[in-house]
Amino acid sequence: MSKLKPMSDQVPASPERRRFVGAATATAAGLTIAPGVMLYQVAHGRPEEQAASSAVRWGMLVDATKCATGCDDCVTACSTENGWTPVAESKHPKQAPQWIRKLELQDPLTQMETNLPMMCQHCAEPPCVDVCPTGASFKRADGIVLVNRHTCIGCRYCMMACPYKARSLVHEDLDDTQKPDVPRGIGCVESCTLCVQKIDRGDGNTACAEACTAAGHNALLFGDMNDPESEISKRLRELPTKQVRADLNLNLGVRYHGI
Amino acid sequence: MASITFREVEGSSMKYWLLFGGLGLFVLFGALAWNTMHHYGHVVTGMDNQIVWGLPHVFAVFLIVAASGALNVASIASVFNKPMYKPLAPLSAILSLALMLGGLLVLVLDLGRSDRLIVAMTHFNFKSMFTWNVFLYSGFFGLVGIYLWTMLDRSVKSYSKAAGTAAFIWRLVLTTGTGSLFGFLIARELYGTAMLAPMFIIMSFAYGLAIYLMVLAAAYAWTGRTLGDAVMMRLKGLLVVFVAAVLYFIVVHHLTNLYFAKFHGVEAFILRDGGIFTTLFWVGQIVIGCVAPLVILLSGLGKQRTWIMVACGLVIAGGMAQMYVTIIGAQAYPLDMFPGLIEKSSFYDGVVHGYTPSLPELFLGLGGVAIALLVTTFAIKVLRLLPASLDDTTVAKLEH
């Protein structure tokens with residue numbers, strides 16, 4: 001942890017301490033904190049002036065064995081939360097941005113079919129960040145890979161570099177479906193943000209994972225992969241998981257089970 | 001050594017102004033094309049989230065690569081001390097600057113946010129090959145500009161060799177950078193190889209020289225000046241070597257890929273099943289760009305100036321085909337995220353991506369070519385870049 005920025009000195013290093021600070025803050029604010037889950041979530045919301053901490057690594061576990069054929073609730077939820085037009089409603093489907101998509105895989109030999117959502121994999125070594133000429137493509141300390149809308153010049157080099165086809169260019173003027181906390185704009189590149197606005201609010205979950213749980217599939221689990229006690233860490237310890245294009249050694253924030 | 005008289009072209013004839021006006025018209029079309037793309041967004045282009053770099057990149061990268069190659073004639077004169085090339089050097093330098101300008105304009109006007117060019121000039125990520133290229137391109141303008149100055153101004157003539165050498169080394173690094181724009185990409189099968197850097201350098205030699213030869217011959221023919229066979233035959237010989245080397249690199253690149261099972265899919269796509277890309281590869285890149293020019297230049301036809309011009313035209317056309325296959329062909333082939341599995345999605349995973357360039361893209365690219373030629377046409381009118389005569393006697397005196 002010697003690499004942490006000075007700001008992180010104020011950030012509790014251990015999960016226990018973080019929970020304590022979170023609980024104390026919340027109590028002081030006059031909130032009623034009853035269930036443990038609530039405690040966990042509030043602890044992870046952070047004030048605007050506080051930088052994201054590398055003590056946290058946000059990630060997602062995708063259980064492809066639970067991902068239902070024909071269900072695209074995660075895609076719809078993402079589009080609703082982040083304000084991008086669903087591809088079916090777009091006048092230009094080939095040019096329409098898609099932050100998350102359902103991928104259907106089939107083994108030509110065994111006919112085995114697999115369903116899974118594909119989106120930005122939030123690499124620890126993101127090729128998009130390496131190639132971005134202006135530094136608009138960046139990785140936050142907590143592992144979320146984002147695009148700075150103010151410095152993206154729309155060169156699309158990141159789209160050339162991404163092995164997961166996770167990024168989209170906004171090809172035309174946007175209609176009024178934009179969300180106030182999800183800035184987007186014509187000529188800029190965008191992709192899954194792991195619902196960074198929700199994470200920073202302290203929701204503790206992404207729109208896609210919430211939708212998947214609501215549909216009863218429970219194929220998506222979001223959480224802090226650095227916290228050994230988090231649900232995602234526990235599941236990752238138990239389930240055999242894979243990274244897509246593991247040969248590239250990019251250390252992905254999204255892990256798949258059942259592929 | 002005999003001295004050579006350089007003289008501006010008069011540039012007052014109807015023919016000159018027609019050429020000037022014609023090129024200007026294409027520059028105007030290019031500007032309108034940019035305005036359309038900028039106003040409506042990339043939705044008016046054939047590009048999408050699958051083919052993210054389209055025809056403008058084909059033009060831009062071709063022009064940038066050719067620009068560094070066009071400087072070669074000057075480099076041979078000053079770096080390698082070949083006196084015969086000295087009178088050819090100033091045109092070589094101005095042409096390389098003009099082509100670079102045309103290429104860069106197309107590149108930056110194709111940005112999703114071309115209005116944010118200042119951001120690219122003020123925010124740098126030094127791990128990005130693009131950032132390095134920003135410096136390489138600016139440095140190229142500076143160094144070649146100084147080099148040209150040492151050629152035109154007698155008072156600084158003694159610095160010509162030093163400036164020429166610096167510009168030569170810089171252009172090698174620059175084309176390495178251009179090739180590495182693609183070489184440093186891990187996602188696409190056709191890229192991600194160090195081969196691309198030297199291959200782009202040798203391609204630049206061929207494309208740049210072909211353009212140079214055509215411009216030189218046109219300038220002399222249209223101004224009624226004498227261009228002897230000695231110069232033409234020497235440059236023709238050089239073009240043969242460059243084109244043969246390009247063919248060699250293409251063969252080695254694909255043979256290497258064919259040896260690796262993981263590249264079999266993409267190689268089969270380019271070489272056999274890729275439709276327009278396969279046609280462009282075999283007919284455009286190989287036959288038109290390499291084999292036909294070699295046959296012309298090495299046979300009796302190569303003694304006739306018209307056929308040398310045809311060969312140069314073919315090298316340029318083959319170069320455009322090569323850029324199209326390299327840039328768009330590599331994107332058309334779907335990313336292989338799950339090797340061995342069939343992929344399907346709403347985002348066109350697992351399918352070959354189609355691409356039809358739109359008019360604004362074409363005219364933006366042609367606008368870049370027109371700017372390059374317009375700058376050259378104007379420069380030879382206002383600067384003493386062209387020898388008054390390049391007849392065989394004058395040229396022969398240079399070497400003795």
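Nothing in this text is a laboratory measurement; each read-out follows from the coordinates by a stated rule. All figures in this text were calculated on a predicted structure; none of them were measured in a lab. Cβ placement follows ideal geometry from the backbone for every residue including glycine, while neighbour counts extend to all protein chains displayed.
Miscellaneous remarks
- In Hz, Karplus ³J(HN,Hα) per residue of the range B:145-161 (6.51, -1.76, 1.60; θ = phi - 60°; x = Gly, Pro): x, 5, 4, 5, 4, 5, 7, 9, 10, 4, 5, 10, 4, 5, 8, 4, 5
- Rg in Å to one decimal, and Dmax rounded to a whole Å, for the range B:157-315 via C-alpha atoms: 18.2, 58
- Principal axis extents of the Cα atoms in the range B:107-244, from largest to smallest and rounded to whole angstrom, are 50, 40, 29.
- Radius 10 Å from Cβ of B:V44, net charge of other residues (Lys, Arg +1; Asp, Glu -1): -2
- Burial ordering of A:E81, A:E89, fewest other beta-carbon atoms within 10 Å first: A:E89, A:E81
- For residues of B:175-187, the mean tally of beta carbons on other chains within 10 Å: 3
- Least to most buried among A:H171, B:H123 (fewest other Cβ within 10 Å first): B:H123, A:H171
- Per-peptide packing, taken as the mean over residues of other Cβ atoms within 10 Å, places A:236-246, B:363-373, B:163-173 in the sequence B:363-373, B:163-173, A:236-246 from highest down.
- Averaging the Cα positions of each part gives two centres, and for the range A:185-207 and the range A:221-259 these lie 20 Å apart.
- Over the range B:238-363: Rg over Rh, Cα atoms, Kirkwood Rh: 1.07
- Square roots of 5 times each gyration tensor eigenvalue, C-alpha, the range B:247-291, largest first, Å: 18, 14, 4
- Charge dipole (debye, nearest 20) of the range B:273-400; +1 at Cβ of Lys and Arg, -1 at Cβ of Asp and Glu: 580
- Going by neighbour counts of Cβ atoms within 10 Å, the residues B:Y137, B:Y324 line up, fewest first, as B:Y137, B:Y324.
- Long-range amide H partners of B:S346 with built H, under 5 Å: A:K102
- Within straight-line cross-link reach of B:K236, lysines at Cα separation under 18 Å, skipping those fewer than 8 residues along the same chain: B:K82, B:K86, B:K303
- Diffusion constant of the range A:164-246 at 20 °C, which comes from Stokes-Einstein with the Kirkwood Cα-pair radius and 1.002 mPa s, µm²/s: 140
- Compactness ratio for the range A:58-257: Cα radius of gyration over 2.2 N^0.38 Å (N = residue count) comes to 0.99.
- Taken over the range B:292-372, the percentage of Cα pairs per 5 Å bin, counting from 0 up to the bin with the maximum distance, is 3, 12, 13, 15, 12, 12, 11, 9, 6, 4, 3, 0.
- Radius, Kirkwood style, for the range A:85-149 when every pair of distinct Cα atoms is counted (Å): 14.6
- Phi angles across the range B:99-112 convert, under the Karplus curve 6.51 cos²θ - 1.76 cosθ + 1.60 with θ = phi - 60°, into 3J(HN,Hα) values of 5, 4, 4, x, x, 5, 4, 4, 4, 7, 7, 8, 4, x Hz, Gly and Pro given as x.
- Inter-part distance where the range B:137-179 and the range B:92-118 are each reduced to a Cα centre, Å: 18
- Three principal axis extents of the protein assembly as shown based on alpha-carbon atoms, in descending order, are 99, 56, 43 Å.
- Ordering of B:310-317, A:49-56, A:108-115, B:47-54 by packing [mean C-beta count within 10 Å, highest first]: B:47-54, B:310-317, A:49-56, A:108-115
- Karplus 3J(HN,Hα) series, Hz, for the range A:112-124 with 6.51 cos²θ - 1.76 cosθ + 1.60 (x for Gly, Pro): 4, 10, 10, 10, 7, x, 10, 7, 3, 8, 6, 4, 6
- What the Cα atoms of the range B:6-398 give is an Rg and a Dmax of 21.2, 70 Å.
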